[in-house]
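Have a look at the structure below, then the notes.
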Amino acid sequence: MDPAYISAVAALAGTAIGGLTSLATSWLTQHQQFRAQLRVSNLSRRETLYKNFIEEASRLYADAFAHDATEVSSLVNLYTLVSEMRIMSSSRIVESADRVIRVIIETYLAPNRPFRDVLELMNSDALNPLRDFSNACREELRGRGFS
């Protein structure tokens, strides 16, 4: 074979290998960046969902101490948030959220509590039905890289 052909083939092969290497590196970098962005977006959505649930549940729980009944429509938002959690959260979080809703409903069905009962409730930990839910959320978010 002619040495000129060998040099030309070697140059073309080197160029092809260099181009493929560059293409593969770019693709891997883009793929990793996309996955990282998707992960951050997913964690941010979860954090917002959990925050909204905590705010709504807290509002309804406080209302339940002063009122005997509520409109069912006010509980629908909580159930909507729990349904969203069923799609993207662990079963531990969903179960904790279900327990919070049960506590809220039971509090509405119980007699109204005067403010002087707050100290007794604080000692029994009844004023914080969201503790298990919050702890489960924190563990899940930390486990997925969200601090």
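Details
- Breaking point among (1) in a helix (DSSP H, G or I); (2) farther than 24 Å from GLU140 by Cα, for GLN33: (2)
- Residue match in the stretch 110-130 (condition: outside any helix (DSSP H, G or I), under 25 Å from GLY143 (Cα atoms) and either more than 26 Å from the chain's Cα centre (by Cα) or hydrophobic (A, V, I, L, M, F, W, C) (or both)): yes
- Among the residues making up the stretch 33-60, those that are of a type in the set (Gly, Ala, Ser) and either more than 15 Å from LEU78 (Cα to Cα) or under 8 Å from the mean Cα position of the chain (by Cα) (or both) are ALA36, SER41, SER44.
- Restricting attention to the stretch 59-86 and to residues that are among the polar types (S, T, N, Q) and modelled with pLDDT of 90 or more, the residue that is surrounded by the most Cβ atoms within 10 Å (Cβ to Cβ) turns out to be ASN77.
- The stretch 78-109, subset without any contact (Cβ under 8 Å) to a residue 24 or more places away in the chain and among the acidic types (Asp, Glu), residue farthest from GLU139 (Cα to Cα): GLU106
- Residue check, SER58 within 16 Å of LEU130 (Cα to Cα), part of a helix (DSSP H, G or I) and of a type in the set (Ser, Thr, Tyr): yes
- Taking the criterion of being free of Cβ contacts under 8 Å to residues at least 24 places away in the same chain and β-branched (Val, Ile, Thr), no residue of the stretch 49-63 qualifies.
- Qualifying residue in the stretch 34-48 (condition: of a type in the set (Asp, Glu) and without any contact (Cβ under 8 Å) to a residue 60 or more places away in the chain): no
The values are calculated or read from the model by the stated rules, or taken from the named source; none is laboratory data. Not measured: the values here are computed from a predicted model. Positions of Cβ are backbone-derived with ideal geometry, glycine not excepted, and every protein chain shown enters the neighbour counts.
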